[in-house]
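So the structure is just underneath, and the comments pick up after that.
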Amino acid sequence: MWAQDLEGNQFVFEIQLSTTFIDVVLEREAFYQAEEIYLVWIFDRFSTFPEEQAFTEKDIFYANNCNAFVVNVETMKRSLEQKELHLECHYKKPLNPKSCDYEIEEKWYKEIVRFSELKRDRDNYSVYFSDYRSAREEIESKIQREKDERKLDCQRKLEASMARLINESKDSAHEGSSEQEQKKHSWMDDRYTCEICGVVTTDWNQGKPDTKTCICRKCSAG
């Protein structure tokens with residue numbers, strides 16, 4: 001069935017009542033794309049259970065941005081009442097995972113939509129209601145950004161940890177050197193305890209640098 005809207009866009013409706021070979025499906029899609037005519041595949045029913053879907057249904061569904069259109073009693077009733085074509089749309093939506101550690105899950109939806117609500121894919125000359133591809137790409141980009149940020153954060157923490165260890169090593173070496181210098185020189189300038197009388201004094205006559213002790217001048221004279 002052929003139709004044309006007020007903007008001059010042409011549409012062909014292919015009704016799938018029986019299984020069609022995939023090569024026939026591909027030939028028709030290629031033909032209508034070359035003719036710049038939008039191809040709309042219509043089913044009389046569609047199951048969301050993969051084991052109940054024919055290969056042709058799966059191919060059409062995934063090629064059509066994960067949208068499948070059905071005409072049934074309810075859609076025909078609404079179309080007649082509202083004087084506008086209505087279709088039952090079965091579509092998938094990818095769900096945002098809790099974090100980048102989780103897989104992307106998908107959820108099935110079913111909704112009766114007006115034909116005027118459908119979006120047009122000018123690259124493939126198909127129509128869809130829910131944009132699965134864009135939603136999936138957005139989630140995948142978000143997950144990749146989270147992974148990149150996590151990797152960068154780990155790298156920053158590793159670099160900070162290495163820098164801290166290097167600084168601690170330098171400080172330890174400097175403290176050891178300072179202690180050695182203090183042992184070597186500071187005994188001559190500070191106050192020390194006399195080994196004989198125990199008085200703390202700077203007036204000493206004999207000293208021992210390594211023990212920071214001395215013999216005060218009074219004891220050494222007596």
Inset, instruction - Determine, yes or no, whether D148 is part of a helix (DSSP H, G or I), farther than 26 Å from L39 by Cβ, among the acidic types (D, E) and modelled with pLDDT under 95. - result: yes
Inset, instruction - Return the only residue of E103, E88 being among the charged types (D, E, K, R) and at pLDDT 95 or above. - result: E88
Inset, instruction - Name the single residue, out of those in region 16-29 being loosely packed, with under 12 Cβ neighbours inside 10 Å and not polar (S, T, N, Q), that is nearest to R122 (Cα to Cα). - result: E27
Legend entry - Those residues of region 36-54 which are touching a residue at least 12 places away in the same chain (Cβ under 8 Å) and either exposed (fewer than 10 other Cβ atoms within 10 Å of the Cβ) or not basic (K, R) (or both), in sequence order: E36, I37, Y38, L39, V40, W41, I42, F43, D44, F46, T48, A54
Inset, instruction - Would you list the helices (runs of 4 or more DSSP H) that sit entirely within region 1-106 and hold 2 or more residues that are small (G, A, S)? - result: 22-34
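The values are calculated or read from the model by the stated rules, or taken from the named source; none is laboratory data. Quick caveat: nothing in here was measured; it's all calculated off a predicted structure. Glycine also receives a Cβ, built like all others from the backbone with ideal geometry; neighbour counts cover every protein chain displayed.
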